[in-house]
Amino acid sequence: MARSKSPDSPAPTGKAGRGPTAARGRGGSTAAGAKAGAAQGTSGKAGKLDKNGQPKVGRLKRAGNQVRMIKQAYSLTRKNDPKLPWIMLIAFVAVAAVVELLGILFGSPFLFIPLAILLGVLVALVVFGRRAQGSAYRQVEGQPGAAAWVLEGMRGDWQVSSGVAGTTQLDAVHRVLGRPGVILVGEGAASRVRPLLAQEKKKVARISGDAPIYDILVGDEEGQVPLRKLSAHVMKLPRNLSGAELNALRKRLAALGGARMPVPGGPLPGGRQMSVSQRQVRRR
């Protein structure tokens, strides 16, 4: 009697046991994994983005950029201020000597050496920043657009509209919007700028509501604000508006538009435009 095969015999193993469906499933999963890996690799290469959608810059690269800007600012300032290296050296030596003398009095001269070096470098950098700022102001003083350049470099939430009014002699009125209210800054000949300030003040008062309006005339005469003190003068004004009131005022002033006259993008001392590095140093 012939022996019949059992219906429950195990299926063959190996490649023979893989049907077309399994093969297709594995192939599909492999393709999907490859696509996912490629997408992951692409996103990894793209890097992280900041809130503005721009690639983030690493800390080392950012520090290198700052060092390059400081070097550029130092070279530019040294051309206009030959005494800068000696003044920085004197400041460093004087501060370091004072700190080291304190260390000797306390009986720990070697422990105070790192502190003396750090404080000396810090004071030298502060002196460098002040000299660079003074050099930059001396270069732009009296140039058309100097006040606008100073206003645009202020730190904080300020909206500057350069050249909202002006004359053919490059006298200009700039409008600054901030927490104090509306600030109108005029630069040029006082006899020509004062009527421009009065006209612009009336125009702004029609739509500004109860927001305060300040008018400032840049100059060295009595009742005027020197260019080197303009930024500090504006930032010391009292904060009269809240955030919501400031946003509402911005929307109302948007109807007045921006510049109505060609104002230089920055002062041109000696035929040169101010560099970014000098502006960075001035902000510090």
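The values are calculated or read from the model by the stated rules, or taken from the named source; none is laboratory data. A quick note: this is a predicted structure, and the numbers were derived from the prediction, not measured. Here the Cβ positions follow ideal geometry from the backbone for every residue, glycine too, while neighbour counts run over all protein chains shown.
Just a few scattered comments:
- Selected residue (criterion: modelled with the highest pLDDT) from residues of the stretch 74-84 that are surrounded by 13 or more Cβ atoms within 10 Å (Cβ to Cβ) and part of a helix (DSSP H, G or I): L84
- Residue pairs whose Cβ atoms lie under 8 Å apart, separated by 6 or more positions or on different chains, with the first residue in the stretch 88-100 and in a helix (DSSP H, G or I) and at pLDDT 95 or above and the second of a type in the set (K, R) and buried (at least 19 other Cβ atoms within 10 Å of the Cβ), do not occur.
- Residues that are touching a residue at least 40 places away in the same chain (Cβ under 8 Å) and part of a strand (DSSP E or B) were ranked within the stretch 141-173; the one that is nearest to V225 (Cα to Cα) is A172.
- Subset of the stretch 101-114 [touching a residue at least 12 places away in the same chain (Cβ under 8 Å) and either in contact with a helix residue (DSSP H, G or I) (Cβ under 6 Å, 6 or more places away or on another chain) or in a loop (DSSP other than H, G, I, E, B) (or both)]: F112
- Among residues of the stretch 174-196, those that are outside any loop (DSSP other than H, G, I, E, B), touching a residue at least 12 places away in the same chain (Cβ under 8 Å) and surrounded by fewer than 17 Cβ atoms within 10 Å (Cβ to Cβ), counted: 3
- For the stretch 199-236, the set of residues classified as part of a loop (DSSP other than H, G, I, E, B) and under 25 Å from the mean Cα position of the chain (by Cα) consists of P226, K236, listed by residue number.
- Hits in the stretch 73-98 - residues which are of a type in the set (V, I, T) and in contact with a Gly (Cβ under 6 Å, 6 or more places away or on another chain): V95
- Taking the criterion of being of a type in the set (G, A, S) and either crowded, with 19+ Cβ neighbours inside 10 Å or at pLDDT below 50 (or both), the residues of the stretch 232-284 that qualify are G265, G266, G270, G271, S275, S277.
For every residue, the table says whether it meets (1) closer than 18 Å to P144 by Cα; (2) hydrophobic (A, V, I, L, M, F, W, C); (3) in contact with a helix residue (DSSP H, G or I) (Cβ under 6 Å, 6 or more places away or on another chain).
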site	(1), (2), (3)
G186	yes, no, yes
P195	no, no, no
A205	no, yes, no
D210	no, no, no
D220	yes, no, no
G223	no, no, no
